[in-house]
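The values are calculated or read from the model by the stated rules, or taken from the named source; none is laboratory data. Note that this is a predicted model, so its numbers are computed, not measured. Cβ sites come from the backbone with ideal geometry, for glycine too, and all protein chains shown count toward neighbours. Calculation scope for accessible area: heavy atoms of the full protein, side chains included, ligands and nucleic acids excluded. Shrake-Rupley method; radii C 1.70, N 1.55, O 1.52, S 1.80 Å.
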Amino acid sequence: MSGRLLPVLLLSLCLTVGSVQSQGSSQDAFIIQYLERRLSQMEVRSQVDGVSVRVERVERELEYLENKIPTQTDIEIEEALLEQQIKAAELDQLKKKAKIKMEKDCSAALTQIKSLKIVKKVGDTSGSWFRDPSEGSAKVYLLSGIRNNTVLEFVSLQSFAERITTPPAKVLQLPFHWQGTGHVVYNGFLYCHKADTPNQIQKVDLLNGTVVDSTLIPGAGHVPVYGLNLNTYLDMAVDELGLWVIYADPEYGGNLVITKLDKGSLAVEYTWDTQCRSRDAEGAFLICGTLYVVYNVHYGGRSTIQCLYDIHDTIHSVESPVMFFPKRYTSHSSIHYHPGDKQLYAWDDGYQTIYKVETRVNDQTTAEYK
């Protein structure tokens, strides 16, 4: 019975009952009782019909939800697939890490910073200078200050050291500004932190000064890489294994992080979180995949290496003595290692300085490569 007919029928029955009650005969009384029972039955049926409609609606909604909500089996399958994907990603990272280790038979470990040579004093109190470590290159590069778009190129170290440079330095004007003192040149390409960006590295062809590639370093650029060099957020480095970037990550207590980059594509090959703090650090460099962090004091003092991190996990800070730089009570704004001549090129309060280093063969690393 439809909902619209039921009220009409109930009204009609009520009028009939009223009419019969006025007659008052025994037969009429029977009819009245009959009609009252029918009215009661119809009211109950109406309620049941309403409940039935609601039940059907709930059943339809439950069926819809069952189709939308995955079963426990589906959830277990998805969790297993996610776990499999995570393991595959971890395995891929381990393969990359192993490839980095096996790339070259590099087993040198730093034992001493032997001597100091002041080559020249030119430019601002902060800056960076270095040689291109690629084989066969003798060129020297100088980037003065903490923000500029100029790169000076010298044909050799001897030419740079002369009071009157012969031939004159080549002045390269870049189409953007760099910032900090963490630049390097590798195979004729400049790798530097682009100014006004938190973590963008530019790769520049120094033959024509054009940008050939760029990348963003995840997690970098939130805080200065070294507590004593507040204008440098990304520090590029080159060692026997290739191109690196060093930075500090606040998510790891501000400790230093090292990332291996592909020098061609700038793709991230692997990243290591170290236990070396950025606080009181003034610089760092890598030798054969080992990070050496240089510490000092705010007013300038004797620089020391107090923390190291070896990606091969064969050299540990607790087993290595503190290494002192030759006495010169100032501070460094940049330190770059040259894997070819085993020297450090440092910018020391406006002085371009060279430190010679001594290394030993790390027997554990050598055994690992065999």
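One table, with the values for the structure above:
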| read-out | value |
| --- | --- |
| Test: residue in segment 193-205 that is of a type in the set (S, T, N, Q) and open to solvent by less than 20 Å² (accessible area, probe 1.4 Å) | yes |
| Members of segment 235-271 found to be open to solvent by less than 10 Å² (accessible area, probe 1.4 Å) and either over 27 Å from Gly188 (Cα atoms) or not in a strand (DSSP E or B) (or both), listed by number | Leu241, Ala248, Leu256, Leu266 |
| Selection from segment 341-370 of residues that are open to solvent by less than 60 Å² (accessible area, probe 1.4 Å), part of a loop (DSSP other than H, G, I, E, B) and at pLDDT 85 or above | Asp341, Gly350 |
| Pairs with Cβ under 7 Å, 6+ apart, first in segment 143-163 and over 21 Å from Asp205 (Cβ atoms) and assigned by the TED database to the domain that holds Asp348, second in a strand (DSSP E or B) and open to solvent by 30 Å² or more (accessible area, probe 1.4 Å) | Ile146/Gln179; Arg147/His177; Arg147/Gln179; Leu157/Arg131; Phe160/Lys120; Ala161/Lys120 |
| Subset of segment 112-144 [buried (at least 20 other Cβ atoms within 10 Å of the Cβ), aliphatic (A, V, I, L, M) and in contact with a Ser or Thr (Cβ under 6 Å, 6 or more places away or on another chain)] | Leu143 |
| In segment 145-170, the residues that are surrounded by 14 or more Cβ atoms within 10 Å (Cβ to Cβ), of a type in the set (Ser, Thr, Tyr) and over 23 Å from Pro339 (Cα atoms) | Thr150, Thr165 |
